[in-house]
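**Student:** One structure is given below, represented as structure tokens, and several questions about it will come after.
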Amino acid sequence: MLSKILSSTVIGIDGFTVNVETDLSNGFPSFEIVGLPGSAVKESKERVRTAIKNSGYSIPAQKITVNLAPADIRKEGPAFDLPIALGLLVCMDIIRQESLENTLVVGELSLDGSLNPISGILPIVYSSYKNGINKYIVPYDNRDEAALVKGAEIYPVKDIKQLVDFLNGKINIDAYKVDTDSIFSCDDEKLPDFSEVKGQAYVKRAMEIAAAGYHNILLSGHPGTGKTMLAKRLPSILPDLSFEESIEITKIYSVSGLLKNSDALIKSRPFRSPHHTISAAALTGGSKNPRPGEISLAHYGVLFLDELPEFRRDVLEALRQPMEDRKVTISRVNGTVTYPAEFMLVAAMNPCPCGYLGDERCHCSNGEISRYRNRISGPLMDRIDIFIETPDVKYDELNSNEVCETSADIKKRVAAARDIQLRRYKKEGIFFNSQLSAAQTAKYCVLEKDAEEFVKTAFENLKLSARAYHKILKLSRTIADIDGSKKITLAHAAEALQYRGYENT
């Protein structure tokens, strides 16, 4: 007898529907799985056989063949355990094929027949629902994540016995629902606040501009001047996530297996801070079966690289293309996957190897300083929008009782600037000034005449690159948006040029 069960595998951050075809026939007793299964899928036959036996059913001594179609797509992971088990039970006339019509089934089996949660349930349900599949049988512990897809009928089950009784009509399981609006509006994460940072008003201004236009920023200064402290507070002033952005981030974390049971939905912008010993594969994504790297885990959020020159050269160079393309493509023998990488780079570094350049404590030679800075290539530096020095904080600033501006106050201005950009670019398919192409920059970043003359002079005298020129225009546009100005004035252009100062040091 032949059965067909709908299931799914994950490619990149999208689900791909797989037909699990099971045949039970006369012949020498065997259990074969074909259709390009990975090692975890091949092992499923032992889990399935034992789980069915411990659930009270006996598999006949016959030839069992399972085909995962289409056969040219590699199938990975234990999510096929449950559909294979159900396929066998259909062939054994324990459940009816009709009870699984237009129903997608995924789940990992324990040997006692209970179901374990799987990674990637959100992209599986999200993609399948768009393709017209309405009903889903998922492990009980995956119910909150699966139910984030509005309109999908989610039936969470705990074990094979319960599922068989449900499909045979002996018990009822209600479709599981969650209030996505209340989950999304619930903000249970307290972020570090800018009011805790004493002094550094000039740096805070640069951080506000970076947040408003989603610009990459590099902080340079002596040790202890607050570079890391400032970077960690940047997410507190970034615009709130939209529900669509939240879903896309959650899909990435779901595929990576990083979602906690209590966090069905990522509600705040990610902040990723990898150590400088990280490999290029861990940063961009990789391994035999590619998984998202740090730059994809920072999607719609912040990637913070502290002590930037300490990162390996190949790791830093791996950033260049994702910073331009806003995605990362990983090619392996088994296929090619693409992960989104719309991240905001925030980097911090010392001005010299000892960190005290310009101070009597510094004994670094010019050669040492040059070698230290040359660890970061010119093309990578060219992709950073804002360079800002963090000066030493004075004692009076540290000991002051003056109430500093809170993150909430700064965030209001950032949100207002982002609203301007959303309205301006609603037909362009972009959201921030930093995403402007060269043609869009020419269209939307028109300088007033005196500002244009100023930028022309700076371009010629400072020998700026074409990329640096466009970044000045985009920065000027963001500064004008914060001021609520439709025109880009000389003051806006002059402030933007200040943030390119590192190129001339």
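The values are calculated or read from the model by the stated rules, or taken from the named source; none is laboratory data. The structure displayed is predicted, hence computed values, not measured ones. Positions of Cβ are generated from backbone atoms using ideal geometry, with glycine treated the same way; all protein chains shown enter the neighbour counts. Ligands, DNA and RNA are stripped out before the accessible areas are found, and what is left, the full protein with its side chains, is counted by its heavy atoms. Shrake-Rupley method; radii C 1.70, N 1.55, O 1.52, S 1.80 Å.
**Student:** Using only the alpha-carbon atoms, what does segment 225-307 span along each of its principal axes? Please give whole angstrom values in decreasing order.
**Tutor:** 41, 31, 20
**Student:** If you don't mind, another one. Could you report the chain's accessible area per residue, 1.4 Å probe, as an integer in Å²?
**Tutor:** Accessible area per residue: 45 Å².
**Student:** Filter the GluC sites (Glu not before Pro) in segment 88-130 down to the DSSP loop ones having no more than 12 other Cβ atoms within 10 Å, then list what survives.
**Tutor:** For GluC sites (Glu not before Pro) across segment 88-130 that sit outside H, G, I, E and B with at most 12 neighbouring Cβ atoms in 10 Å, the list reads E101.
**Student:** Here's a follow-up. Could you work out [θ]222 nm for the chain from helices alone, using -39500 (n - 2.57) per DSSP H run of at least four and dividing by all its residues? Round to the nearest 500 deg cm²/dmol.
**Tutor:** Taken over the chain, the calculation gives -10500 deg cm²/dmol.
**Student:** Which trypsin sites (Lys or Arg not before Pro) in segment 400-443 sit in a loop by DSSP (not H, G, I, E or B) and have at most 12 other Cβ atoms within 10 Å of their own Cβ?
**Tutor:** Sparse-neighbourhood loop trypsin sites (Lys or Arg not before Pro): K426, K427.
**Student:** Looking at segment 1-70 only, what percent of DSSP beta bridges run antiparallel? Nearest 5 please.
**Tutor:** Roughly 75 percent of the beta bridges in segment 1-70 run antiparallel, per DSSP.
**Student:** Okay, moving on. Could you size up the charge dipole of the chain around its Cα centre, putting +1 on the beta carbon of Lys and Arg and -1 on that of Asp and Glu, and report it in debye to the nearest 20?
**Tutor:** With only Lys, Arg, Asp and Glu charged at Cβ, the dipole is about 920 debye.
**Student:** Based on alpha-carbon centroids, what's the gap between segment 72-145 and segment 295-335 in Å, whole number please?
**Tutor:** Measuring centre to centre over Cα atoms gives 34 Å.
**Student:** Check L104: other-chain or 5+ apart residues with amide H under 5 Å from its amide H, H built from backbone geometry?
**Tutor:** Answer set, sorted by chain and number: K135, Y136, I137.
**Student:** Something else about it: Output ³J(HN,Hα) for segment 173-183: one whole-Hz value per residue in order, computed from phi by the Karplus curve 6.51 cos²θ - 1.76 cosθ + 1.60 with θ = phi - 60°, and x for Gly and Pro.
**Tutor:** Each residue's phi maps through the Karplus curve to give 10, 6, 4, 7, 10, 10, 7, 5, 5, 6, 5 Hz.
**Student:** Using only the alpha carbons of the chain, determine the length spanned along each of the three principal axes and report them from longest to shortest in whole angstroms.
**Tutor:** 84, 48, 45
**Student:** Round to the nearest 10 and give me the degree value, 0 to 90, for the angle of helix 44-54's Cα axis relative to the longest principal axis of the chain.
**Tutor:** With both axes taken from Cα atoms, the answer is about 50 degrees.
**Student:** Next up: How much accessible area does I266 have with a 1.4 Å probe, in Å² rounded to the nearest 10?
**Tutor:** 30
**Student:** Could you work out the percent of alpha carbon pairs in segment 327-449 separated by over 23 Å, rounded to a whole number?
**Tutor:** 62
**Student:** Another question about this same structure. Compute the long axis of helix 81-91 from its Cα atoms, compare it with the longest principal axis of the Cα atoms of the chain, and write down the angle in degrees, 0 to 90, nearest 10.
**Tutor:** 20
**Student:** Stokes-Einstein at 10 °C, 1.306 mPa s, Kirkwood radius from Cα pairs: D for segment 69-185 in µm² s⁻¹?
**Tutor:** D, rounded to a whole number, is 108 µm²/s.
**Student:** With a cap of 13 neighbouring Cβ atoms within 10 Å, and only residues DSSP puts in a loop, list the trypsin sites (Lys or Arg not before Pro) found in segment 114-157.
**Tutor:** K150
**Student:** Which percent, to the nearest 5, of DSSP beta bridges fully inside the chain are antiparallel?
**Tutor:** 50
**Student:** Taking θ as phi - 60°, what are the ³J(HN,Hα) couplings along segment 483-495 by the Karplus curve (6.51, -1.76, 1.60), each to the nearest whole Hz, with x for Gly and Pro?
**Tutor:** Going residue by residue, I get 7, x, 9, 6, 9, 9, 8, 4, 4, 5, 5, 5, 5 Hz, with x marking Gly and Pro.
**Student:** I would also like to ask the following. Which distance in Å, rounded to a whole number, links the C-alpha centroids of segment 446-493 and segment 22-42?
**Tutor:** Using only Cα atoms, the two centres lie 65 Å from each other.
**Student:** Sort 199-211, 158-170 by the packing proxy (mean of other Cβ within 10 Å over each peptide's residues), most packed first.
**Tutor:** By packing density, highest mean first, the sequence is 199-211, 158-170.
**Student:** On to the next question. Would you work out what percent of the accessible area of the chain, with all protein chains in place, is carbon or sulfur (probe 1.4 Å)?
**Tutor:** 50
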